[in-house]
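Taking it in order: structure first as structure tokens, then the write-up.
The values are calculated or read from the model by the stated rules, or taken from the named source; none is laboratory data. Worth saying up front: this structure is predicted, and the values here are computed from it rather than measured. Cβ: placed from backbone, ideal geometry, glycine included. Neighbour counts: every protein chain shown.
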Amino acid sequence: MNRKTEPAPTPDAGKGGLTRVFTAAIATAVVLTVLAVTIRSQEPIGAGIYYDDGAYLALARSAAAGDGYLYSNLPGEVPGVKYPPGYPAVLALTWKVFGLYPENLPALKALNALFWSLAAGGTFLLFARGGRRRVVAVGLVTLYAFLTVPSMSVATVLLSEPLFLLACLAALLLAAADPARAGPNPAPLDSTSGWPGGELGWAAAVGLAGAAAFLTRSIGLTLIVALALPLLLRRRWQAAVFLTAMAGVPAIGWLAWARSHAADVPDPVSGQYGSYGTWLGQGLEGGAFGRIGEVAAANWGPFVETLQFVWVPRAPGLALAVVLLALGAAAGYGALSVWKRNPSLVLFPIVYLGLVFIWPYEPYRFYYAIMPVLTLLAFEGLWEASPKIRADLPRWGIPVAAIVAAIFVVNALVYHGRGHAVRSWASPQTIPARAYAPLNEWIRTNTAPDEVIASALDPYVHWETGRLAVPSWRFLADDYGRYDRTPEVLAAGLDSVIVRYGARYVALILGENKAARTLEAFVELHPERALRVLQTEGPAVGVIYALAPPGEALWDPEAEAEPNEEAAP
């Protein structure tokens, strides 16, 4: 009787399982550490301090109440055509569980901390490979990348970046599981590949994950491109079409809805709250995209600043240039290594940054969100190149290189460690919050609950006072880097919200920005229609003006003095 004999186990038979357990343990440690630090790093600052965070929460509140996808911070029923519904939908579910604002604010922010920590775990898994020493090193670099001061600035407020990055990494992890990927034993393209439906099942899963990223942030379109392009390059037409279709159907559905409701957003608030199509259309009319080179040059500076901020803080000019060039080359070398196992992971930051460079908007938030991935790419390049570097260096060069590298590593760790000690990321939240505090208190005390307030930071004013609030200035695509300072043009922006919404007060912080210039222009052209009722003292000077509609007056400019003793700004 013949018996089937099983192959004898090899000495390495159990190593794969042990490596997976070890990798999972490090991933868990990364997630829990980032979660704990991020929650500890949050500030008790209300929604709206970054503008978009207040708009997201207003959409979430209306959705949670069953009122539709509307900006509940604005008068009327203005549809949320600017912001894809993914993040507000998640906030709405949390709103239902944890009650009303502001009591639910800690839970809402903790949710973002969870997303950020899971994104850290996903990034670690994308780059964790090789032996234990390398896996531990990837874990440490991942912790650093997700806990820098810029990372904390986007992870500790109600912005969509943490959920967006998590969705992108989930899609990239699925892309890494390509059943036809190169390897010693490539899987066949059929149902036996481990995916229901074989290659098309895998393509469907990747496409839906890409759609989730797009439905969280519109720039998720760059991820869909990065996911589909490798399939096109390999002439896997069927998988490429299927992936694009699965990503495109939900995306097109959202875009169609936003387009059909774009005209429902009143013109005075369309810059801040209208669709990107409307905003870009106005930019084309104004010539914004005729100066793409100028926009790209303007956005390049912040990119270099961000690289310095994360990688080589406080480095002098020559050292900064040398190190950034070296790390840039390392990221490129790392990209070559990563390309072999996950080309989408290489293409995503390239396509993403390409769009950010030409987008006429302040780019820092966009850069902060992608920096962890760039940091791990640079690390992979350094790790892969280190054997060749050691072989090419003279004997004395190895300790010298190690000392130089240690200096830069310690410098970065000390810098961001001190940042955590003083909570550096909190300044963009606490400074405007302190400046607006007396303005919000005056509004709560001196205005009726149904009053409409115009402000440069209208979402924050709304969440702090309970009053409906509207923008006091026009936000246009062709404003980036410059804007029309003609007093008549500026004043018309504020006048439009007075006429449309009946705003009778404007509250903002004086400065060189367009919102402050708009108020100055309005007071200059219509002094009888603007009466200053509050001015604060300090580094950030806040003001509140009472406003009158066209044809009415609050005081006589030709009188000896204003009814109160303050003068126009």
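For this structure, a couple of remarks:
- Test: residue in region 469-489 that is closer than 27 Å to residue 60 by Cα and of a type in the set (Lys, Arg): yes
- Qualifying residue in region 364-383 (condition: farther than 30 Å from residue 180 by Cα and surrounded by fewer than 20 Cβ atoms within 10 Å (Cβ to Cβ)): yes
- Any hit, region 275-285, residues being within 30 Å of residue 57 (Cβ to Cβ), in contact with a helix residue (DSSP H, G or I) (Cβ under 9 Å, 6 or more places away or on another chain), among the hydroxyl-bearing types (Ser, Thr, Tyr) and assigned to a helix (DSSP H, G or I): yes
A quick yes/no check of all residues on (1) in contact with a Ser or Thr (Cβ under 6 Å, 6 or more places away or on another chain); (2) among the aliphatic types (A, V, I, L, M); (3) under 21 Å from residue 543 (Cβ atoms); (4) at pLDDT 95 or above:
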site: 397; (1), (2), (3), (4): no, no, no, no
site: 402; (1), (2), (3), (4): no, yes, no, no
site: 405; (1), (2), (3), (4): no, yes, no, no
site: 414; (1), (2), (3), (4): no, yes, no, yes
site: 417; (1), (2), (3), (4): no, no, no, yes
site: 423; (1), (2), (3), (4): no, no, no, yes
site: 439; (1), (2), (3), (4): no, yes, yes, yes
site: 444; (1), (2), (3), (4): yes, no, yes, yes
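- Residues located in region 334-381, provided they are at pLDDT below 95, within 20 Å of residue 164 (Cβ to Cβ) and either part of a helix (DSSP H, G or I) or in contact with a helix residue (DSSP H, G or I) (Cβ under 7 Å, 6 or more places away or on another chain) (or both): 358
- Elements of type helices (runs of 4 or more DSSP H) in region 384-492, at least 3 residues being without any contact (Cβ under 8 Å) to a residue 60 or more places away in the chain: 397-422, 427-446
- Exclusive hit being among the acidic types (Asp, Glu) and within 29 Å of residue 483 (Cβ to Cβ), set 362, 380, 384: 362
- Region 335-371: number of residues that are under 27 Å from residue 385 (Cβ atoms) and charged (D, E, K, R): 2
- For region 184-221, the set of residues classified as at pLDDT 80 or above and hydroxyl-bearing (Ser, Thr, Tyr) consists of 216, 218, listed by residue number.
- Of all residues in region 230-241, none satisfies being crowded, with 19+ Cβ neighbours inside 10 Å, at pLDDT 95 or above, small (Gly, Ala, Ser) and within 24 Å of the chain's Cα centre (by Cα).
- Close pairs (8 angstrom Cβ cut-off, 6 or more residues apart or separate chains): of a type in the set (Phe, Trp, Tyr) in region 63-77, in a loop (DSSP other than H, G, I, E, B) and surrounded by 13 or more Cβ atoms within 10 Å (Cβ to Cβ) anywhere: 69/80; 69/85; 71/78; 71/80
- Filter result for residue 452 (hydrophobic (A, V, I, L, M, F, W, C) and crowded, with 23+ Cβ neighbours inside 10 Å): no
- Matching residues, region 40-70, being at negative phi, out of contact with any strand residue (DSSP E or B) (no Cβ under 8 Å at 6 or more places or on another chain) and assigned to a loop (DSSP other than H, G, I, E, B): 41, 42, 43, 44, 45, 46, 47, 49, 50, 65, 67
- The residues of region 282-327 that are more than 24 Å from the chain's Cα centre (by Cα) and either of a type in the set (Asp, Glu) or modelled with pLDDT of 95 or more (or both) amount to a single one, 285.
For every residue, the table says whether it meets (1) touching a residue at least 40 places away in the same chain (Cβ under 8 Å); (2) polar (S, T, N, Q).
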site: 494; (1), (2): yes, no
site: 499; (1), (2): yes, no
site: 504; (1), (2): yes, no
site: 513; (1), (2): yes, yes
site: 528; (1), (2): no, no
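- Residue 97 free of Cβ contacts under 8 Å to residues at least 12 places away in the same chain and either surrounded by fewer than 16 Cβ atoms within 10 Å (Cβ to Cβ) or assigned to a helix (DSSP H, G or I) (or both): yes
- Of the residues contained in region 160-168, one or more are found to be within 22 Å of the chain's Cα centre (by Cα) and outside any helix (DSSP H, G or I).
- Selection within region 1-39 - modelled with pLDDT of 95 or more and either outside any helix (DSSP H, G or I) or closer than 30 Å to residue 434 by Cβ (or both): 34, 35, 36, 37, 38, 39
- Restricting attention to region 308-325, the residues that are surrounded by fewer than 17 Cβ atoms within 10 Å (Cβ to Cβ) and not charged (D, E, K, R) total 9.
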